[in-house]
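The values are calculated or read from the model by the stated rules, or taken from the named source; none is laboratory data. The structure displayed is predicted, hence computed values, not measured ones. For neighbour counting, all protein chains shown are included, and Cβ atoms are generated from backbone atoms with ideal geometry for every residue, glycine included. To get the accessible areas, we keep the full protein, side chains included, count just its heavy atoms, and leave off ligands, DNA and RNA. Shrake-Rupley method; radii C 1.70, N 1.55, O 1.52, S 1.80 Å.
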Amino acid sequence: MLAYLLRRLAYAIPILLGVNLLAFALFFMVNTPDDMARMQLGVKRVTAEAIAAWKAERGYDLPLIWNGQAAGLEKASKTIFFNKSARMFIGDFGAAEDGRNIAREIRTRMMPSLLIALPTFLIGLAISVTLALFLAFFRATRLDFWGVALSVALMSISGLFYIIGGQYLFAKIWRLVPISGFGDGLDAWRFIILPVVIGVVGGIGANVRWYRTIFLEEANKEYIRAARARGLPETTIFFRHLLKNAMTPILTGVVVVIPSLFMGSLLMESFFGIPGLGSYTIDAINAQDFSVVRAMVFIGSALYILGLMLTDFSYTLVDPRIRFE
Amino acid sequence: MSVQLVLLWSDVLLWLLCTAALIFGWRSMRLLHLARGWAKLGKNPIATGTATLLVAFLLVGLTDSIHYREALPPLPDAAPDAEIRYGVEVFSALDYLLEPLRTQNEKTYSAPFATRLYAMESMETAAGISRLYPRLTYGGAHLDDEIDRTADIVKRLMTGVLLAFFLLAGIYVFSRRVLRKKYPGFAWQGVLAALCAIVLVFLPLFFLTEGYHVLGTDKVGQDVLYQALKSIRTALIIGLVTTLVMLPIAILLGIAAGYFRGWMDDLIQYLYTVLNSIPGVLLIAAAVLMMQVILDTHPEWFATAAERADLRLLALCMILGVTSWTSLARLLRGETMKLRELEYIEAARAFGVPSGRIVIRHILPNLMHIVIIALVMDFSALVLAEAVLSYIGIGVDPSTTSFGTMINNARMELSREPAVWWSLAAAFSFMFVLVLSANLFADAVRDAFDPRYEKRA
């Protein structure tokens, strides 16, 4: 099993390297550091000295990939690629435009993100699966039809409207919770509850429909027919046999997103002023802070790859037919 | 008045795309399995109804995709044979049709059907200077007394509804007498229901917009209905042109990986795993940031602001296309792998048919149902994505009217006192109808073309 995990890990490295190279190409080769400097300093009143100073301050004055002037190993290490991209592998993300250390910023902002994303994910999953099972149980009835129709209608509404509408109703009109912000410790729940509720409601439409198809696919299988032939009541079939077996595709399907929960939700955090990674990313995009965006791209893909590995791992856990090979 | 046609790239692409889709649809009738899918689709009233709605949206978008520049009035002392000069502002055929809506701007916010502005102004009256809500310049300006407003609205509404009923009765009789007899299998009731909705909304609206801002005006006094109608084109371009970028990449790489296997498969799989592993929004954000730098450093590429906004819109489509081909490519790869093991392909190979011909003649047609399903499924997701991206600030150019920019501009308005809700409401309802019909249509298409769904039914 250890060998299996190690091999999966080894498989992840070339992908991360690919992500890194792609980000490098996007950020440094499509546009030269000169372009970025001009962008940051403002296009109009910019001198060659100002650009050079900007680059030197941020370490962008080195060659891109190969430093022919340096000696020995420094030929490869005194380059932008080595300093800015390769060092991300050891968790060194450098400094943002405002001079703060990105790695430290990420560590402090992870918690608020997780406090929103994790409950949204868990509650959303529980509610969606329950509703989907309910619809599948009453399949091909009027209830099922209208349930699906409602799900399609719900998923046709842009996420922005859920947030804007929810914030307006609950925070502004009814004044149940603060409009935005974040608190420390136990006080935080007042700020968390509304984003979580909105996140759950916003995701329900698509999720219920998706899980319903999984349940229906499962309901058409032979073992269900066999159970019915044995004369088992429909409720037993559904809650004993079907639910258990359908949980395998559902759980293995959602495992991939679990690590990515750390990244937080861009929209939710920026609307509710949560100091998490999502709002950090949005602020960086708006301020055109390339180092932060680059760091988030790297972390995001690392977490996704971790999710893929966990998915493979979870298959082996829930399905004994699959072994570590 | 003479005009000069302006060909924006996105116009050309949108028109080309629609023509290509029509030709493809026509030709695919000859392929047996696709013809069966189309026939099944035609029997589904939800499919025909939503398709009618989508065609209506498409017509608005296409009218909005014929651009022109108006000739400037000749200089007073110019020679009669002097060269005609054209204004820098680019208009579209839709602008021409909606001329009153576009030009009748108020000073600032006004509520739907309002006769007065939403903000107070100091005005001189008989009793000295006082703070009042001034009358609108255009909205309800034809009323002598504002008390008549409700009666006037009802009158206009009834005129529209009455006309709509006559029109609908005509359409109904025509469909019963002619269409249903000629094409008996087709679900005309869906088309009729959709037409009913369109006509019942459109005709009363036509009479009401003459006198009022039906959906109010925004901060700079522009009619919200006009903005919503203009947004349709942006949504369609994002939803359709993106697929034009995505499709060739997905088909080429998907089939290559599935058919040739070996190192090519490994390479392509590696490529899409890498692209897939970057969170979508971040990849788009990174690419859009870079595009902005490029556009800013090359101002010489575009002559007018409209061209710049257009180029940015297309670049966004390109970026969305390059980042979203992976899932379709994976589906196509899997299906190609299954197909290449079938006996008729084996036979073709045994006869020495070259690989290229096998792919084009024998594999591609059998993948078309997957392509069709993926395209209609992606459309609604892309329309929704545009709104989110524009909100984050990595979407369309701020000067381009789109649902995203409408929401973005309006998002602070709810916190005003009293709240300004109509911009959001307009963006919401237009988007909802568009996305909902696209979703329902996509479901129907999947049911009709996907053989797996056939088995269950």
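Remarks
- A convex hull fitted to the Cα coordinates of the protein assembly as shown yields 272 cubic angstrom per residue.
- Cα gyration tensor category, rounded, prolate or oblate, for the stretch A:237-283 with a/c compared to 1.5: prolate
- Charge dipole (debye, nearest 20) of the stretch B:71-194; +1 at Cβ of Lys and Arg, -1 at Cβ of Asp and Glu: 1260 debye
- Restricting the stretch A:73-110 to GluC sites (Glu not before Pro) that sit in a DSSP loop and have at most 15 other Cβ atoms within 10 Å of their own Cβ leaves A:E97.
- Mean separation of Cα contacts under 8 Å, 6 or more apart, over the residue count of the stretch A:106-247: relative contact order %: 33 percent
- A simple spin-label model places the labels of B:L132 and B:Y172 4.9 nm from each other, with each point 7 Å out along Cα-to-Cβ.
- Carbon + sulfur, % of accessible area of the stretch A:176-232 - ligands and nucleic acids excluded, 1.4 Å: 59 percent
- Charges were assigned to the Cβ only: +1 to each Lys and Arg, -1 to each Asp and Glu. The resulting dipole of the stretch A:144-283 about its Cα centre is roughly 520 debye.
- Over all pairs of different C-alpha atoms, the stretch B:363-457 has a mean inverse distance whose reciprocal, the Kirkwood radius, equals 15.4 Å.
- Equivalent-ellipsoid semi-axes for chain A (Cα gyration tensor, √(5λ), whole Å, largest first): 46, 28, 16.
- Most to least accessible of A:R142, B:R446, B:R361, B:R180 (protein chains only, probe 1.4 Å): A:R142, B:R361, B:R180, B:R446
- Calculated on C-alpha atoms, the gyration radius of the stretch A:38-114 divided by its Kirkwood radius gives an Rg/Rh of 1.07.
- Neighbouring Cβ atoms from other chains, within 10 Å of the Cβ of residues in A:150-157, number 5 on average.
- Cross-link pairs A:K221/B:K43; B:K182/B:K338; B:K155/B:K219; A:K172/B:K107; A:K221/B:K40 - those with Cα-Cα distance over 31 Å: B:K182/B:K338
- Working from Cα pairs under 8 Å separated by at least six residues, relative contact order for the stretch B:129-250 is 28 percent.
- Ranking by accessible area, most exposed first, for B:K230, B:K338 with a 1.4 Å probe: B:K338, B:K230
- Fluctuation leader among A:L176, A:L131, A:L115 - chain A, Gaussian network, Cα springs under 10 angstrom: A:L176
- Taking a ≥ b ≥ c as the square roots of the eigenvalues of the Cα gyration tensor, the stretch A:116-157 is oblate, since a/c reaches 1.5 or more and a/b is not larger than b/c.
- For the stretch A:156-268, alpha-carbon Rg relative to the globular expectation (2.2 N^0.38 Å, N residues): 1.49
- Debye-sum result for the stretch B:55-100 in log10 I(q)/I(0), which assumes one identical scatterer on each alpha carbon, at q = 0.18, 0.28, 0.29, 0.32 Å⁻¹: -0.64, -0.97, -1.00, -1.10
- Residue (of B:F166, B:Y86, B:A286) at the positive-pole extreme of chain B, dipole from beta-carbon charges: B:F166
- Residues whose placed amide H lies under 5 Å from that of B:Y86, excluding near-sequence neighbours: B:L72
- Partners for A:K84 among lysines (Cα-Cα distance below 17 Å; same-chain residues under 8 apart left out): A:K55, A:K75
- In a fully extended conformation the segment linking B:V154 and B:S122 would gain 8.3 nm over its present Cα-Cα distance, using 0.36 nm per residue.
- Taken per residue, the accessible surface of the stretch A:99-181 reaches 52 Å², heavy atoms only and a 1.4 Å probe.
- Using the Cβ of B:S65 as centre and a radius below 13 Å, the other residues enclosed give a net charge of -2, where K and R count +1 and D and E count -1.
- Based on C-alpha pairs under 8 angstrom that are at least 6 apart in sequence, chain B has a relative contact order of 21 percent.
- Per-residue shielding of B:285-294, expressed as the average number of other chain Cβ atoms within 10 Å of the residue Cβ, stands at 6.
- The label-point distance for B:L179 and B:A79, in a model that sets each label 7 Å from Cα toward Cβ, rounds to 5.8 nm.
- Förster radius 45 Å - calculated FRET efficiency between A:W189 and B:V220 (Cβ-Cβ, nearest 0.05): 0.65
- For the stretch A:1-54, the C-alpha radius of gyration divided by 2.2 N^0.38 Å, with N the number of residues, is 1.92.
- Gap separating the Cα centres of the stretch B:337-393 and the stretch A:167-191, nearest whole Å: 48 Å
- Counting only chymotrypsin sites (Phe, Trp or Tyr not before Pro) that DSSP places in a loop and that have at most 14 other Cβ atoms within 10 Å, the longest clean stretch of chain A runs over A:175-323.
- For A:K78, the aspartates and glutamates whose Cα comes closer than 17 Å to its Cα, not counting residues fewer than 8 places off in the same chain, are A:E57, A:D61, A:D92.
- With at most 16 other Cβ atoms within 10 Å, longest stretch of chain B clear of loop chymotrypsin sites (Phe, Trp or Tyr not before Pro) (DSSP): B:1-301
- Computed Rg/Rh of the stretch A:194-325, alpha carbon atoms with Kirkwood Rh: 1.12
- Modelled spin labels at A:L21 and B:D450, positioned 7 Å past Cα toward Cβ, are 3.5 nm from each other.
- About the Cα centre, charge dipole magnitude for the protein assembly as shown (Lys/Arg +1, Asp/Glu -1 at Cβ), debye: 3220 debye
- Residue mean of other protein chain beta carbons inside 10 Å, A:27-38: 3
- Between A:T235 and B:F432, the FRET efficiency estimated from the beta carbon spacing at R0 = 41 angstrom works out to 0.65.
- Volume per residue for the stretch B:199-351 equals 219 cubic angstrom (convex hull of Cα atoms).
- Overall form of the stretch B:85-178 per C-alpha gyration tensor (a/c, 1.5; a/b vs b/c): oblate
- Over the C-alpha trace of the stretch B:173-221, radius of gyration and Dmax come out as 17.3, 53 angstrom.
- Per residue, in Å², the accessible surface of the stretch A:252-325 once ligands and nucleic acids are set aside, probe 1.4 Å: 37 Å²
- For the stretch B:422-451 versus the stretch B:28-94, the gap between their alpha-carbon centres in whole angstrom: 20 Å
- Along its three principal directions, the equivalent ellipsoid of the stretch A:42-173 from the Cα gyration tensor extends over semi-axes of 53, 21, 16 Å, largest first.
- Accessible solvent surface per residue of the stretch B:242-306, calculated while the other protein chains remain in place, 1.4 angstrom probe, Å²: 40 Å²
- Selection among A:A295, A:G276, B:N366 by position relative to the dipole of the protein assembly as shown gives B:N366 as farthest towards the positive end (Cβ unit charges, Cα centre).
- Distance from the Cα centroid of the stretch A:35-106 to that of the stretch A:219-283 is 43 Å (rounded to whole angstrom).
- Buried between A and B is an accessible area of approximately 4100 Å², summed over both sides with a 1.4 Å probe.
- Distance histogram in 10 Å bins (all Cα pairs of chain B, percent per bin): 4, 16, 24, 24, 17, 9, 4, 1, 0, 0
- Exposed loop sites here mean GluC sites (Glu not before Pro) with a DSSP loop assignment and at most 15 other beta-carbon atoms within 10 Å; chain B contains its longest site-free run at B:211-340.
- Computed [θ] at 222 nm, deg cm²/dmol, the protein assembly as shown (DSSP H ≥ 4; -39,500 (n - 2.57); rounded to nearest 500): -21000 deg cm²/dmol
- Between B:R361 and B:V12, the contour length at 0.36 nm per residue exceeds the Cα-Cα span by 122.7 nm.
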